[in-house]
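These notes concern the structure reproduced below.
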Amino acid sequence: MADQPAGPPPGQKTQQPTGRRDRVHYLYIAVIVAVLLGVLVGFVAPDLAAELKPLGTGFVNLIKMMISPIIFCTIVLGIGSVARAAKVGRVGLIAIVYFLVMSTFALAIGLAVGNLLDPGSGMNLDPASASEAQEQAKGGEGTTDFLLGIIPSTLVSALTEGEVLQTLLVALLAGFALQQMGPAGEPIRRGVELAQRWVFKILAMIMWAAPVGAFGAIAAVVGETGWDALRSLAVIMLGFYITCVLFVFVVLGAVLWMGARINILTLLRYLGREFLLILSTSSSETALPRLIAKMEHLGISRPVVGITVPTGYSFNLDGTAIYLTMATLFIADAQNEPLSLGSQIGLLFFMIIASKGAAGVSGAGLATLAGGLQSHKPELVDGVGFIVGIDRFMSEARALTNFAGNAVATVLVGTWTGEIDSDRARRVLAGEDPFNEATLVDVPGPSRSEPGTSSPGPAPVTAPPSDGDAPSGEKTEEPTATQAHRSS
Ligand SMILES: O=C(O)C[C@H](O)C(=O)O
């Protein structure tokens, strides 16, 4: 194995402060217990279960309120990475084109599998509270109205109304304006970066309400449709996991082999420790600093890693993309509102844009789904409540797939631009040149928001994953992995 063993090396302490890690595990266990309790209540006391529905709706609303700030920060900072990527010419262009193609392909796969499995059909759920939105939607609007609707009444109302397209428009303008300001805009960029950390912290706090939301949502769904609900939820969950596995091994595997003649298994094995980390935090961003370090260790040049990894974390979230289309079809079918082919194509195009506002922190995929539906198919948005009970488990698969997608992207961009030392890559993947965890303290190069900027000396390490609620890219305020080792 090229990497060091997945567990802590002998004699060294585990890399995370265990107290914080345990908190994440408690949350995970709490969600599982809540889901089981919800199923029980749904079967035993369906009337009571119906009364519990607001718990799920409340949780979805909490998530929904986060969508505008998440999209705004992700896009504003993402524009910075794309602009910098574009400046470095070929590398940036190749990365951006690859991201667009692959994430669109992932969205299309989600649609295809959603159609194939038809997981929501037979649930016949009553979208009662969605009726108002439905009426609104059925009111119909022409193309002109639609286009005019993308323009918010004020710059800030885009952020307060929760309209995805309006938020995207304002975020794009803000991002490009910031770029044009050059160094003078640096304080604002830092402000947005801080705001992003703040927003992710709020999202992490909201995730602590997940057990309550999951309990209410599952109880209400099971109370309404009994075994059908469980069957449908099991089908979508299993279907999503299998799709992600196939996507990683077949799609990414084939592209990686054709593009770089590297076996996906050896790459995944090299990144084994990071996958474990993501599994325990349900957030791909927690492994971002380590991905940067490991890709450089693999022999990919620092500028390529510095451009591809951070930009990919904004624009290449393959797992989230698969989820967005698949979950939308599930919700539509569950509410007996199946989407026509035209509608599905419209959804695809909408999600190509909306998915770029997603982020690699736990719950972000659900927020993007809720926000996307709110803007594109308001009659479906309440249906997010049906799926919220199992979101924590979906989040894992999203995060793992997102991470694998960005690792493969980095190797491919490195290969296509001739910026990889192939001999070194071969040696590293063969286990002849193992990654040294100690180098993590001195990871040089960019942070998430400063792609492409390679610092001459050691840069402050972005925080190693410390808990499921810390977004990545945070400058460390806690001991880094190796600092923790050293001080222990
Ligand atoms: O971490 C990610 O990449 C995705 C996240 O876990 C999510 O819940 O959407």
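The values are calculated or read from the model by the stated rules, or taken from the named source; none is laboratory data. Source: prediction; values computed, not measured. Quick reminder, even Gly has a Cβ in these numbers, built from the backbone with ideal geometry, and neighbours come from all protein chains shown. Ligands, DNA and RNA are stripped out before the accessible areas are found, and what is left, the full protein with its side chains, is counted by its heavy atoms. Shrake-Rupley method; radii C 1.70, N 1.55, O 1.52, S 1.80 Å.
Give just the number: which of (1) aromatic (Phe, Trp, Tyr); (2) over 22 Å from SER81 (Cβ atoms); (3) more than 11 Å from the ligand (Cβ to nearest atom); (4) buried (at least 24 other Cβ atoms within 10 Å of the Cβ) does PHE275 not satisfy?
Every condition holds for PHE275 apart from (4).
Out of curiosity, is LYS138 touching a Gly at 6+ places or on another chain (Cβ under 9 Å), surrounded by fewer than 16 Cβ atoms within 10 Å (Cβ to Cβ) and at pLDDT below 85? Steps first, please.
Details: touching a Gly at 6+ places or on another chain (Cβ under 9 Å): no; surrounded by fewer than 16 Cβ atoms within 10 Å (Cβ to Cβ): yes; at pLDDT below 85: yes.
So LYS138 does not fit the description; no.
Could you please find all residues in segment 194-240 being under 19 Å from the mean Cα position of the chain (by Cα) and of a type in the set (Val, Ile, Thr)?
VAL199, ILE202, ILE206, ILE236, listed by residue number.
Suppose we filter ILE242, ILE262 for residues that are open to solvent by 10 Å² or more (accessible area, probe 1.4 Å) and not in a helix (DSSP H, G or I); which single one remains? Write out each step before concluding.
On the way: ILE242 fails: not in a helix (DSSP H, G or I).
Exactly one residue qualifies, and that residue is ILE262.
Where residues in segment 317-341 are of a type in the set (Asp, Glu) and assigned to a helix (DSSP H, G or I), which of them is most open to solvent (accessible area, probe 1.4 Å)?
Start the filter on segment 317-341 by keeping residues that are of a type in the set (Asp, Glu), which leaves 318, 333, 337.
Checking the rest, the ones that are also assigned to a helix (DSSP H, G or I) come to 318, 333.
Values: ASP318: 0, ASP333: 23 Å².
Ranking the qualifying residues of segment 317-341, first place goes to ASP333.
Taking into account only those residues within segment 145-182 that are over 22 Å from ILE352 (Cβ atoms) and more than 27 Å from the chain's Cα centre (by Cα), which is surrounded by the most Cβ atoms within 10 Å (Cβ to Cβ)?
So, considering only residues that are over 22 Å from ILE352 (Cβ atoms) and more than 27 Å from the chain's Cα centre (by Cα), the one surrounded by the most Cβ atoms within 10 Å (Cβ to Cβ) is MET181.
Consider THR325 carefully, then state whether it is away from the ligand (no atom under 13 Å from the Cβ), within 20 Å of MET394 (Cα to Cα) and not hydrophobic (A, V, I, L, M, F, W, C). Full working, then the answer.
Values: away from the ligand (no atom under 13 Å from the Cβ): yes; within 20 Å of MET394 (Cα to Cα): yes; not hydrophobic (A, V, I, L, M, F, W, C): yes.
In short, yes.
Looking for whichever is crowded, with 20+ Cβ neighbours inside 10 Å, among the aliphatic types (A, V, I, L, M) and within 25 Å of ALA34 (Cβ to Cβ) here; the options are ALA219, ALA287. Which one fits?
Details: ALA287 fails: within 25 Å of ALA34 (Cβ to Cβ).
From the options ALA219, ALA287, the qualifying one is ALA219.
Hand me the list of helices (runs of 4 or more DSSP H) wholly inside segment 359-418 holding 1 or more residues that are among the small types (Gly, Ala, Ser) and within 16 Å of the ligand (Cβ to nearest atom).
Working: elements: 364-376, 384-387, 391-416.
Ranges flagged: 364-376, 391-416.
Just name the residue that is surrounded by the most Cβ atoms within 10 Å (Cβ to Cβ) out of those in segment 183-200 that are touching a residue at least 60 places away in the same chain (Cβ under 8 Å) and out of contact with any Cys (no Cβ under 7 Å at 6 or more places or on another chain). If you could, list the steps in order and put the result at the bottom.
Residues of segment 183-200 touching a residue at least 60 places away in the same chain (Cβ under 8 Å): 189, 192-193, 195-197, 199-200.
Of the ones still in play, those that are also out of contact with any Cys (no Cβ under 7 Å at 6 or more places or on another chain) are 189, 193, 197, 200.
On the way: ARG189: 19, GLU193: 21, ARG197: 17, PHE200: 28.
Filtering segment 183-200 for residues that are touching a residue at least 60 places away in the same chain (Cβ under 8 Å) and out of contact with any Cys (no Cβ under 7 Å at 6 or more places or on another chain), the one surrounded by the most Cβ atoms within 10 Å (Cβ to Cβ) comes out as PHE200.
For GLN344, only one of the following conditions fails: (1) under 26 Å from ALA220 (Cβ atoms); (2) assigned to a helix (DSSP H, G or I). What is its number?
GLN344 satisfies every listed condition except (1).
Among the residues in segment 331-340, are any of a type in the set (Val, Ile, Thr), within 30 Å of GLY418 (Cβ to Cβ), more than 12 Å from the ligand (Cβ to nearest atom) and in contact (Cβ under 8 Å) with a residue 12 or more places away in the chain? Write out each step before concluding.
Quick first cut of segment 331-340, residues of a type in the set (Val, Ile, Thr) only: 331.
Right, trim to within 30 Å of GLY418 (Cβ to Cβ) and you get none.
No, because not a single residue in segment 331-340 is of a type in the set (Val, Ile, Thr), within 30 Å of GLY418 (Cβ to Cβ), more than 12 Å from the ligand (Cβ to nearest atom) and in contact (Cβ under 8 Å) with a residue 12 or more places away in the chain.
Quick check on segment 306-320. Is at least one of its residues among the hydroxyl-bearing types (Ser, Thr, Tyr), more than 26 Å from LEU165 (Cβ to Cβ) and away from the ligand (no atom under 11 Å from the Cβ)? Working first, answer last.
Our first condition is that a residue be among the hydroxyl-bearing types (Ser, Thr, Tyr); within segment 306-320, this holds for 308, 311, 313-314, 320.
Okay, now just the ones that are also more than 26 Å from LEU165 (Cβ to Cβ), so 308.
Right, trim to away from the ligand (no atom under 11 Å from the Cβ) and you get 308.
Checking segment 306-320: at least one residue is among the hydroxyl-bearing types (Ser, Thr, Tyr), more than 26 Å from LEU165 (Cβ to Cβ) and away from the ligand (no atom under 11 Å from the Cβ).
Can you give me the number of residues within segment 281-290 that are within 12 Å of the ligand (Cβ to nearest atom) and assigned to a helix (DSSP H, G or I)?
6
Of the conditions (1) touching a His at 6+ places or on another chain (Cβ under 7 Å); (2) at pLDDT 95 or above, PHE435 fails just one. Which one is it?
Only one criterion in (1) touching a His at 6+ places or on another chain (Cβ under 7 Å); (2) at pLDDT 95 or above is unmet by PHE435, namely (2).
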